[in-house]
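Following: one structure in structure tokens, then a few remarks.
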Amino acid sequence: MGLMLNFFRAYPSQTVLMLLALLLSGIAEGVGLSALLPMLNIALGSEAASMIAGVAPVSDNGFEQAVLDALAIVGIAPTLGNMLGIMLFGVALKSVFLLVAQRQVGYTAAQVGTDLRLQMLRSVLRSKWEYFLHQPVGKLTNALATEAQRSSTAFVNGATAITFLIQALVYGAVAFAISWRASLAAIVAGVVVIGLSHFLVKLTRKAGKRQTRLMASLMANLTDTLQSVKPLKAMSREHLADKVLAHDTNQLNRALRRQVLYGAVLDSAQELMFTGFICLGVWVAIEKFAIDLAMVMVLVIALGRAFSFFGKVQKQHQKLAQGESAYWALMASIKAADDAEEPLEGGATPHFEQGLQFRNVVFSYDRQHPVFNGLCLDIKAGALTTLVGPSGSGKTTIIDLAIALLQPQQGEVLLDGVPLQEIDIKRWRSMIGYVPQDTTLLHDSVLHNVTLGDPGLELADAEQALRAAGAWNFVNQLPQGVQTVVGERGGKLSGGQRQRIVIARALINKPRLLILDEATSALDPESEEVVRQSMEDLKGRLTILAISHNRALVRAADYVYQMGAGNARLLDAADRSGLAK
């Protein structure tokens, strides 16, 4: 029940409306059921003679007499037609309130899934870069899709259990009013049945936890594998991926089969035991206590329905137990991301008038293999600075430190002489345009890929950015121009065209600092020259920091740093000339 209490605290008004509708639905059902015993006595003739003689019918049963007295107060004669009308009215009223309750449950369940996804997404996006680096993409995808959906379904199961519980209590109350002794014995029998079958709920909860764990593992492996399909197929090694995924899938299949088995056993066992106790009760009521047949029939209906609904309560609880592990796993992921939240706002307002300075920076990812050991370099405002060096020499790490995604263990990164720790990081990043090595475009139009749907940007802004990136000419020649859909991951465009659109995306907000992380590596000579000319034109209007071995960017650079041995060396004209050849 801890899961449902969490949901109720999160959605108090929706919960109150749902419970009120369920309660009114139960009361309406009780009103309809209360007419059943007088109706049966009328049908069997025990009260018909009194009505024909014009005498108010009198019953030896307290519950029936209370119903007859209530009818007399409101002026309704206890005729067969009136009793049937009351039953029909009760069922109709119950249906209306139940519809309201179920609609509220459905709306709230949809909101639960939406809110959990948004909460997870926002927590991850606010987390520190180091935290994000250690999270498998498949795990995050599984949390946003599978775990959020299972949590929403668990809420529906819990709400349905409450619906059945209220209906069971209504039928139990009617049965208790007719004969408290028989009802008490039946309640004891029901508790025995529920207790005997509760172990199946525990087994289902255990299987649900295993399913949650295996689904996260499967999604993580699946995401990694799908990103590597091309090289695996090229080397005819896709069977290795198949083995890993098949193992996880088979493990998940076994967990799901256990859940199905436990649910089926609970259904069949409950029905058998409840039916046995009802049959025993009927025999005792008629043979041992000589209870009136009409009363026995109503008791059988009321207690049978009560048992049926109590059984459904346990079945829904079993489904709730099956899915609740997904909710707790999702909440654990959200809490972990929240604990790793990155402080962004507050501090001095950045201006970027002088430049970025790295002073004696020491950094390592695992504290044992340092990337930098006393790094010093300057990125002057308005200049084009290029970083060159072998793979693993720390070029991308410099970018991550400049953006404040990473923090140095020793030394400082200064912006206009102020440590980045004292700068408003959110404002600083809003002044940056970033172009990664991997060009990822959305399956949408060129315009949307450049603006990313920002309502503050117009077509003129996109055109200006595309021109600055050297992309306007080829975009203008596309079938629908900027409205042309680029395909999945930009597959309808060449590598160089995709790269220039990504550069335009980085330029559209008119950044003060443009970062190119191997952004020209996929360009052909013609495109390379276009980008070089674009960077030449942008020099002085903004600062450019480029990681590149591209000769064009080396020639265009104002400063070139050679990375290696945990530090950076500013190249002179002779060294730069050798690189540019």
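Each residue of region 343-355 was assigned a 3J(HN,Hα) from its phi angle through the Karplus expression (A = 6.51, B = -1.76, C = 1.60, θ = phi - 60°), giving x, 10, 8, x, x, 6, 6, x, 10, 6, 9, 9, x Hz with x at Gly and Pro.
With Cβ to Cβ distances under 14 Å as the rule, what net charge do the other residues near residue 337 carry (K, R +1; D, E -1)? Its environment carries a net charge of 0.
Net charge dipole, region 355-580: roughly 140 debye, given to the nearest 20, about the Cα centre with Cβ charges of +1 for Lys and Arg and -1 for Asp and Glu. Each residue of region 383-390 was assigned a 3J(HN,Hα) from its phi angle through the Karplus expression (A = 6.51, B = -1.76, C = 1.60, θ = phi - 60°), giving 9, 9, 10, 10, 9, 10, x, x Hz with x at Gly and Pro. Applying 1/(1 + (r/R0)^6) with R0 = 41 Å to the Cβ-Cβ distance of residue 260 and residue 458 gives a FRET efficiency near 0.15. Cross-link check: pairs 315/335; 128/539; 426/510; 128/209 evaluated at a Cα-Cα cut-off of 23 Å; pairs beyond the cut-off: 315/335; 128/539; 128/209. Sorting the segments 155-165, 84-94 by their mean number of nearby beta carbons within 10 angstrom, highest to lowest, gives 155-165, 84-94. Full extension of the chain segment joining residue 132 with residue 391 gains 91.0 nm, where the gain is 0.36 nm per residue of separation less the Cα-Cα distance. Between residue 27 and residue 364, residue separation times 0.36 nm minus the direct Cα-Cα distance comes to 114.5 nm. Taking 7 Å steps out from each Cα toward its Cβ at residue 353 and residue 107 produces label points 5.5 nm apart.
Only beta bridges with both residues in region 355-580 are counted; by DSSP, about 55 percent of them are antiparallel. Its Cα gyration tensor gives region 367-444 an equivalent ellipsoid, and the semi-axes of that ellipsoid, as √(5λ) in whole Å with the largest first, are 22, 19, 14.
Length available on full extension from residue 275 to residue 251: 0.36 nm per residue minus the Cα-Cα distance, which gives 5.0 nm. Under 15 Å from a label point 7 Å along Cα→Cβ of residue 118: give me every residue in region 136-160 with its amide N that close. Label zone hits: none. Taking a spot 7 Å from the Cα of residue 410 along the direction of its beta carbon, which residues of region 330-366 have an amide N less than 20 Å from it? Flagged as within label range: 357-366. Note that region 300-308 has calculated 3J(HN,Hα) couplings of 4, 5, 5, 6, x, 5, 4, 4, 4 Hz, one per residue in order, obtained from phi through the Karplus relation 6.51 cos²θ - 1.76 cosθ + 1.60 (θ = phi - 60°); glycine and proline are x. Computed over region 355-580, relative contact order equals 29 percent, with contacts defined as Cα pairs under 8 Å that lie 6+ residues apart. Both the radius of gyration and Dmax for region 355-580 are 17.8, 54 Å, in that order, over alpha-carbon atoms. With a Förster radius of 60 Å applied to the C-beta separation of residue 376 and residue 328, the computed FRET efficiency comes to 0.80. Working ranking of peptides 553-563, 451-461, 354-364 by packing, defined as the average number of other Cβ atoms within 10 Å per residue, highest first, is 553-563, 354-364, 451-461.
Each reported figure results from applying straightforward, stated rules to the coordinates on display, with no laboratory input. Worth saying up front: this structure is predicted, and the values here are computed from it rather than measured. Positions of Cβ are generated from backbone atoms using ideal geometry, with glycine treated the same way; all protein chains shown enter the neighbour counts.
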